[in-house]
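The values are calculated or read from the model by the stated rules, or taken from the named source; none is laboratory data. All values reported here derive from a predicted model rather than from experimental measurement. Note: ideal-geometry Cβ built from the backbone for every residue, glycine included; neighbour counts use all protein chains shown.
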Amino acid sequence: MNFTPPPQSIDDVKADLVKRFTHFKNPKDRYKYLIDMGKQLQSLDESFQTDENRIHGCQSQVWIHIEEKDGRLYMQAKSDAAIVSGLIALLLKIYHGRTPEEIVNTPLDFLAQIGLLQQLSPNRSTGLYHMIQRIQFEGKKRLA
């Protein structure tokens, strides 16, 4: 796992993602870009593909492994579905290497701004919600 803190602030990363996604006028191009992002995910060792790391509530298989190091949370994830892998990659761009405070206090308003939420199926939206909930829970747990 990469234990390097992110070079950009969360706000800079969100602004960059909005810029990249809104560049595409055609929704299919946004999906293609999202799928390409998912292909860039680090592989997740099978030993981390446990029931404890599994995101329940997703139609596809999704695992998120989270480790804390030096007060920051580092994440690896995997899905068996291309679009869901892209959604995971999107979330990791925001959350990977952040402090629990940053994770808990980051509004995800950019997800509506990039134009993907409106096009996700209800099942994928629910899965995305469960992934976000899990990451936020891990942040909150470490703040308590």
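Does Thr126 satisfy the criteria of being at pLDDT below 95, more than 20 Å from Ala15 (Cβ to Cβ), surrounded by fewer than 17 Cβ atoms within 10 Å (Cβ to Cβ) and of a type in the set (Val, Ile, Thr)? Full working, then the answer.
Working: at pLDDT below 95: yes; more than 20 Å from Ala15 (Cβ to Cβ): yes; surrounded by fewer than 17 Cβ atoms within 10 Å (Cβ to Cβ): yes; of a type in the set (Val, Ile, Thr): yes.
The answer is yes for Thr126.
Checking Leu111 against (1) surrounded by 20 or more Cβ atoms within 10 Å (Cβ to Cβ); (2) free of Cβ contacts under 8 Å to residues at least 40 places away in the same chain; (3) touching a Phe, Trp or Tyr at 6+ places or on another chain (Cβ under 8 Å), which single condition isn't satisfied?
(3)
Tell me, please, whether a residue that is more than 22 Å from Ser9 (Cα to Cα) and among the aromatic types (Phe, Trp, Tyr) can be found in region 101-114.
No: region 101-114 contains no residue that is more than 22 Å from Ser9 (Cα to Cα) and among the aromatic types (Phe, Trp, Tyr).
Quick test for you: out of Leu34, Leu41, pick the one residue that is of a type in the set (A, V, I, L, M) and buried (at least 20 other Cβ atoms within 10 Å of the Cβ).
Only one candidate passes the filter, namely Leu34.
Can you find, within region 44-93, the residue that is surrounded by the most Cβ atoms within 10 Å (Cβ to Cβ) among those that are closer than 21 Å to Arg142 by Cβ, touching a residue at least 24 places away in the same chain (Cβ under 8 Å) and basic (Lys, Arg)?
Per the criteria, the residue is Arg72.
Considering each residue of region 57-69, count those that are at pLDDT below 95 and either in contact with a His (Cβ under 7 Å, 6 or more places away or on another chain) or closer than 17 Å to Pro6 by Cβ (or both), and give that number.
The qualifying residues number 2.
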